[in-house]
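To start, the structure under review is shown below, and the notes come after it.
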Amino acid sequence: MNRKLNNKQINNLKTILKFRYVTANNLAQYLGITHNSAYSTLEILCTNGYIGKIHNKNYRLLNKSAQYYLTLQSIKFLRDEVGVKLENTTWNSRKSDCNKGNDFIDLQVAVHSAYNKLKGLYGDKVDILTALDLHGTEGIIKPLPGLLVKTESGDQSFIEMTGNQHLFIVKKHIRKYIENYEAGEWEWDKYPNVYIVRDSPSDRTRLRKYVEQQMEDCYLDDSDFSFNIISRVERIKLA
């Protein structure tokens with residue numbers, strides 16, 4: 001018989017649902033606890049079948065943390081016993097999280113890390129929504145953005161972590177943002193600015209040139225909305 005979960009453990013499952021994949025380090029920062037406590041929390045849930053663990057042999061060589069995801073057991077538990085309300089398509093998409101590719105998983109972990117960093121920088125001055133939070137938002141771009149950050153002044157920004165994504169995919173996403181803006185479906189008065197985080201300096205140069213050309217071709221400028229190609233999350237400037 002599965003071990004009965006307490007409220008803290010249930011909330012931890014909801015956190016994994018929110019971010020899709022977590023590491024002990026990201027969970028520790030998110031909850032404000034020690035790394036050892038976060039690791040112990042995750043391992044107990046893993047032992048009891050509520051979450052799965054991805055930790056390949058080369059992770060240690062790469063100094064890479066184990067990644068945890070919801071199992072079918074926890075999906076059923078959250079949906080049927082806890083009563084978390086999500087569309088069936090969302091629940092069904094989580095059933096295959098054990099089989100996702102490394103790049104996809106690393107991207108979700110990077111989004112969680114970005115969330116933690118922004119909360120560390122701005123605290124309660126910002127409200128940060130994940131892709132899960134944005135399901136059902138009228139006029140939202142598809143695929144859903146990594147994060148949407150709302151400030152006290154009412155400004156909003158989309159945050160996209162690109163990781164090892166091919167430049168072709170990043171450029172396609174840029175076009176999607178422009179198409180979404182031009183369609184006029186966004187429910188708020190002002191369209192959010194877009195921050196794209198990319199490690200490679202040469203890639204950032206290429207992306208800036210691409211953005212400039214795409215915006216010019218569509219007769220758009222910063223008065224409409226802007227793309228900001230940056231090297232790391234700490235360079236995001238929120239009002």
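At-a-glance table
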item	result
From Leu27, Leu45, Leu17, residue being out of contact with any helix residue (DSSP H, G or I) (no Cβ under 6 Å at 6 or more places or on another chain), closer than 18 Å to Tyr115 by Cβ and surrounded by 14 or more Cβ atoms within 10 Å (Cβ to Cβ)	Leu17
Subset of segment 139-183 (residues that are closer than 16 Å to Tyr195 by Cα, more than 16 Å from the chain's Cα centre (by Cα) and among the hydroxyl-bearing types (Ser, Thr, Tyr))	Thr151, Tyr177, Tyr181
Positions within segment 180-220 being in a helix (DSSP H, G or I) and within 18 Å of Leu148 (Cβ to Cβ), in sequence order	Asn180, Tyr181, Ala183
Odd one out for Leu62, checked against (1) surrounded by fewer than 13 Cβ atoms within 10 Å (Cβ to Cβ); (2) hydrophobic (A, V, I, L, M, F, W, C); (3) touching a Gly at 6+ places or on another chain (Cβ under 7 Å)	(3)
Leading residue by the ranking (surrounded by the most Cβ atoms within 10 Å (Cβ to Cβ)) among those in segment 119-161 that are touching a residue at least 40 places away in the same chain (Cβ under 8 Å), assigned to a loop (DSSP other than H, G, I, E, B) and β-branched (Val, Ile, Thr)	Ile140
First in segment 174-199 and buried (at least 19 other Cβ atoms within 10 Å of the Cβ), second anywhere and among the basic types (Lys, Arg) and at pLDDT 95 or above, Cβ under 6 Å, 6 or more apart	Arg198/Arg204
Where Glu43 falls short, out of the listed (1) farther than 24 Å from His135 by Cα; (2) in contact with a Ser or Thr (Cβ under 6 Å, 6 or more places away or on another chain)	(2)
Residue under evaluation Phe104, criteria (1) surrounded by 13 or more Cβ atoms within 10 Å (Cβ to Cβ); (2) touching a residue at least 12 places away in the same chain (Cβ under 8 Å), criterion not met	(2)
Breaking point among (1) within 26 Å of Lys117 (Cβ to Cβ); (2) β-branched (Val, Ile, Thr); (3) modelled with pLDDT of 95 or more, for Ile54	(3)
Within segment 3-107, helices (runs of 4 or more DSSP H) holding 1 or more residues that are within 22 Å of Gly163 (Cβ to Cβ) and of a type in the set (Gly, Ala, Ser)	24-31, 88-94
Single residue of Tyr30, Tyr69 found to be modelled with pLDDT of 95 or more and either assigned by TED's automatic domain parsing to the domain that holds Met161 or touching a Phe, Trp or Tyr at 6+ places or on another chain (Cβ under 6 Å) (or both)	Tyr69
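The values are calculated or read from the model by the stated rules, or taken from the named source; none is laboratory data. Please read all numbers here as calculations on a predicted model, not as lab measurements. Cβ sites come from the backbone with ideal geometry, for glycine too, and all protein chains shown count toward neighbours.
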